[in-house]
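The values are calculated or read from the model by the stated rules, or taken from the named source; none is laboratory data. Only a predicted model underlies this, so the values are computations on that prediction, with no experimental measurement involved. All Cβ positions, glycine included, derive from the backbone under ideal geometry; neighbour counts span all protein chains shown. Note: areas computed on protein heavy atoms with side chains; ligands, DNA, RNA excluded. Shrake-Rupley method; radii C 1.70, N 1.55, O 1.52, S 1.80 Å.
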Amino acid sequence: GAGVSQTPSNKVTEKGKYVELRCDPISGHTALYWYRQSLGQGPEFLIYFQGTGAADDSGLPNDRFFAVRPEGSVSTLKIQRTERGDSAVYLCASSLTMNTEAFFGQGTRLTVV
Amino acid sequence: GNSVTQMEGPVTLSEEAFLTINCTYTATGYPSLFWYVQYPGEGLQLLLKATKADDKGSNKGFEATYRKETTSFHLEKGSVQVSDSAVYFCARRPQGGSEKLVFGKGTKLTVNP
């Protein structure tokens, strides 16, 4: 596709359940980022991939959060034992390489009830 | 710490009014500075950027100048249009190494005809 695609666009889950959020970056982009945006706040960095490896995962809030990018393209953000405080819009972005413009997807709105 | 502070909204203006959205940052060294815009129903888009002191970023009639002495990157536009209605985010990226963006909380702008 032409832009960064995130699926699903909306996800409602029950507290304690496991969820996976998917990001399809722009073709050929080697760098991929996950951010989380809570209501009324700016996006907060979670993790950054360069290729298949997580170059910086310092923003992951705890060990319930994990992300993978096994083939250096699609990435999945995984959240275990979801809590109501995990409710937010999860944003994915990709860039051609390091230090170039990041293009954002429209996000996945996660609601934990 | 390293943070970005931008003026709180919402901001409501009439068409053709002058716009200023203030942004200040704290960081070591010389971070790169950005303004992102989020139009209703769309993903975050890069509006403009500046990578070193005294640089001026500009796009779509918007401008911002990197002021090292005041650690500021205020967004300005001389004559706003209804189509400029959006949420604007100031962001910084540390000098060298890290790829992660640190965002402000966002400022919602509404321009009335």
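Being over 15 Å from the mean Cα position of the chain (by Cα), open to solvent by less than 40 Å² (accessible area, probe 1.4 Å) and more than 9 Å from chain A (Cβ to nearest Cβ) is the filter here; which residues of region B:95-113 pass it? Matches in region B:95-113: B:V111 only. Of these, B:E42, B:E76, which one is closer than 30 Å to A:A55 by Cβ, open to solvent by 70 Å² or more (accessible area, probe 1.4 Å) and without any contact (Cβ under 8 Å) to a residue 60 or more places away in the chain? So the residue among B:E42, B:E76 that is closer than 30 Å to A:A55 by Cβ, open to solvent by 70 Å² or more (accessible area, probe 1.4 Å) and without any contact (Cβ under 8 Å) to a residue 60 or more places away in the chain is B:E42. Filtering region A:6-45 down to residues that are of a type in the set (S, T, N, Q) and more than 11 Å from the chain's Cα centre (by Cα), which residue is nearest to the other protein chains (Cβ to nearest Cβ)? Of everything passing the filter in region A:6-45, A:Q41 is nearest to the other protein chains (Cβ to nearest Cβ).
For region B:1-22: of the residues being within 11 Å of chain A (Cβ to nearest Cβ) and open to solvent by less than 70 Å² (accessible area, probe 1.4 Å), which is farthest from B:P113 (Cα to Cα)? Per the stated criteria, the residue is B:S3. Taking region B:32-89 as the region of interest, the strands (runs of 3 or more DSSP E) fully inside it that hold 3 or more residues being within 14 Å of chain A (Cβ to nearest Cβ) are B:32-38, B:45-50. Pairing each residue of region A:71-100 that is closer than 14 Å to A:P8 by Cα and within 14 Å of chain B (Cβ to nearest Cβ) with any residue that is open to solvent by less than 50 Å² (accessible area, probe 1.4 Å) and among the charged types (D, E, K, R), provided the two are 6+ apart or on different chains, yields C-beta distances under 6 Å for A:A88/A:R36; A:Y90/A:R36. What is the one condition in (1) more than 20 Å from A:P70 (Cα to Cα); (2) in contact (Cβ under 8 Å) with a residue 24 or more places away in the chain; (3) in a loop (DSSP other than H, G, I, E, B) that A:K11 does not satisfy? The number of the failed condition is (3).
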